[in-house]
Amino acid sequence: MRILITAGPTREYVDDVRFLSNASSGRMGYSIAAAAIAAGHEVILVTGPVDLPVPDGAKATQIETTDELRMSCLELFPRCDGVIATAAVCDYRPRERVQGKITKTGDPIVLELVETSDVLAELGQQKDHRWVVGFALESQDPRNNAMRKLRMKHCDCIVLNDTSAISSLENSVEILSPDAETLARFTGLKTKIARQLIEFIELEVAGP
């Protein structure tokens, strides 16, 4: 299969040197990319800024902003069999980006934030014969929030994990179906979970 994998954070710039982002290390997505390659699949990796080497054999596109992620994914997805979306997309961006660097004045400043594009929802709407596996990092009401994301983004299944996964070598995930059934649970090193997830997708999502 040819698999599109998104990984790492996105950044939304306030001015030319400051940005909004999150603490995603990209480790889960990079582990999945390596596991997919080891299983004989072709990997198209769209990655935000992380301190990790691109897995050998992956075709990588480097992005920073959510709009860059969106443009790359919409271009690449039609030529893939499915997508595994692990990227930690910044949900909000400043309505206006200041040119140059904001000067410190001693007074408060107000930033007006607007939502960024929902990249995975767009891919889900266009999936046709392709499959879509989403990730949900949740801290409150996790199952309900994960199921809401699964339905809004037209995923075939969603991988639920929590904030303890951020910057960790380990993870604990639960894979949920559109009927809110638990299809699998994996716990351990992210490299191990990545191998298990690829095997699960091969057998239960992509089909023969």
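Summary of values
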read-out	value
Those residues of segment 153-163 which are modelled with pLDDT under 95 and either of a type in the set (A, V, I, L, M) or closer than 12 Å to Leu197 by Cβ (or both), in sequence order	Asn161
Out of Leu52, Leu120, Leu113, sole residue that is touching a residue at least 12 places away in the same chain (Cβ under 8 Å) and over 20 Å from Arg27 (Cα atoms)	Leu113
Subset of segment 26-50 that is part of a helix (DSSP H, G or I) and β-branched (Val, Ile, Thr) - its residue that is farthest from the chain's Cα centre (by Cα)	Ile37
Search result, residues across segment 87-117 that are farther than 30 Å from Ile32 by Cα and either within 17 Å of the chain's Cα centre (by Cα) or in a strand (DSSP E or B) (or both)	Pro94, Leu113, Val114
Considering residues of segment 1-25 that are outside any strand (DSSP E or B), among the hydrophobic types (A, V, I, L, M, F, W, C) and more than 30 Å from Ile198 (Cα to Cα) only, the residue nearest to the chain's Cα centre (by Cα)	Val14
Single match in Val119, Val132, Val46, Val83 (criterion: β-branched (Val, Ile, Thr), touching a Gly at 6+ places or on another chain (Cβ under 6 Å) and closer than 29 Å to Pro178 by Cβ)	Val132
Of all residues making up segment 118-140, the number that are more than 30 Å from Val14 (Cβ to Cβ) and either basic (Lys, Arg) or more than 16 Å from the chain's Cα centre (by Cα) (or both)	6
Some residue of segment 140-153 being crowded, with 20+ Cβ neighbours inside 10 Å and assigned to a strand (DSSP E or B)	no
Flag for Gly106 being at pLDDT below 95 and small (Gly, Ala, Ser)	yes
Test: Val173 is closer than 14 Å to Gly29 by Cβ, in contact with a Leu (Cβ under 7 Å, 6 or more places away or on another chain), part of a strand (DSSP E or B) and aliphatic (A, V, I, L, M)	yes
Selection status of Val83, under 15 Å from Leu4 (Cβ atoms) and assigned to a strand (DSSP E or B)	yes
Residue list for segment 57-75, filter: assigned to a helix (DSSP H, G or I) and either surrounded by fewer than 19 Cβ atoms within 10 Å (Cβ to Cβ) or among the acidic types (Asp, Glu) (or both)	Asp67, Glu68, Met71, Leu74, Glu75
Test: residue in segment 93-108 that is closer than 30 Å to Ala206 by Cβ and not hydrophobic (A, V, I, L, M, F, W, C)	no
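The values are calculated or read from the model by the stated rules, or taken from the named source; none is laboratory data. Just so you know, these numbers come straight off a predicted model, no measurement behind them. Ideal geometry is used to build each Cβ from the backbone, glycine not excepted, and the neighbour counts take in all protein chains shown.
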